[in-house]
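One structure below.
Read-outs throughout are calculated quantities, based only on the coordinates presented, and are distinct from any laboratory measurement. All values reported here derive from a predicted model rather than from experimental measurement. Backbone-built Cβ (ideal geometry, glycine too); neighbour counts: all protein chains shown.
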Amino acid sequence: MSDAVYDLINAYRDRLTGQGGAPALQLAGAFDRIDAKFRPPGSDPILESALETAAKVFDGQPDILADAISAAPPETAQLAAMIGALADHVTWCEGPREGAPDGLEGAYAYVILVGPNGHVDAPDCRMGVYLQPPGIHYPAHAHDAEEFYLIISGKADWQAGERSFTAEPGHVIHHAPAESHVMTTTDTALLGCWAWQGDIMGDYWWG
């Protein structure tokens, strides 16, 4: 299973490098410095505290992840297949974070593949998988860390600071530190990879 995780990390890094730009290249460099062994679910106290399988997290919507993976277009289909290969072998968490507005319980799910509390330890970056079901409004939020999303499947109406656009497969979206952003899915689920750099242990807030 470790090979599938590292394959996805490397493929994500390559997409960032291809997009160019100093922040993306800086994050790609952080991925290149990762030198840690894969930690399976339950193998470490950090992971045990949030241990959930994909089957349990998506119990109410058992096909949502599989459908999102199969819906990926050709330009992101390989990345989607990589997520499918590891989905049942990593720890999933359900949103929302503490202090979230009402109505967000179970509104999204994510995996931390890389980071201080991820399957691959890294001190200065985080990276993982994100799934937001159809018809979900993820309200304005921000964090101290700089963030990148790579959209793999689905679409969402997106706001980031003063920018408003439709996020689609293949897009790389950059959020500067403390930049407020909003994601709203319509009739399809949104599947993507995300990454943080900078103040990855900093604050996260709503509004």
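List of remarks:
- Within the range 105-116, tally of residues that are on the phi < 0 side of the Ramachandran plot and surrounded by 17 or more Cβ atoms within 10 Å (Cβ to Cβ): 8
- Taken over the range 98-115, the residue count meeting the criterion of being farther than 15 Å from Gly60 by Cα and within 15 Å of the chain's Cα centre (by Cα) is 6.
- Counting the residues of the range 96-117 that are in contact (Cβ under 8 Å) with a residue 24 or more places away in the chain and either over 18 Å from Gly154 (Cβ atoms) or outside any strand (DSSP E or B) (or both) gives 13.
- Among the residues making up the range 24-33, those that are assigned to a helix (DSSP H, G or I) and surrounded by fewer than 18 Cβ atoms within 10 Å (Cβ to Cβ) are Leu25, Gln26, Gly29, Asp32.
- Single residue of the range 167-207 satisfying the filter (of a type in the set (Ser, Thr, Tyr) and touching a strand residue (DSSP E or B) at 6+ places or on another chain (Cβ under 6 Å)) that is surrounded by the most Cβ atoms within 10 Å (Cβ to Cβ): Thr185
- Within the range 138-166, the set of residues being among the polar types (S, T, N, Q) and either part of a loop (DSSP other than H, G, I, E, B) or surrounded by 20 or more Cβ atoms within 10 Å (Cβ to Cβ) (or both) comprises just one member, Ser153.
- Among residues of the range 141-165 that are free of Cβ contacts under 8 Å to residues at least 24 places away in the same chain, none has a Cβ under 6 angstrom from a residue that is β-branched (Val, Ile, Thr) and surrounded by 22 or more Cβ atoms within 10 Å (Cβ to Cβ) at a sequence gap of 6+ or on a separate chain.
- Pair list, Cβ < 8 Å and 6+ apart or interchain, from the range 67-89 residues that are touching a residue at least 60 places away in the same chain (Cβ under 8 Å) and within 21 Å of Ile112 (Cβ to Cβ) to residues that are buried (at least 16 other Cβ atoms within 10 Å of the Cβ) and basic (Lys, Arg): Leu79/Arg15
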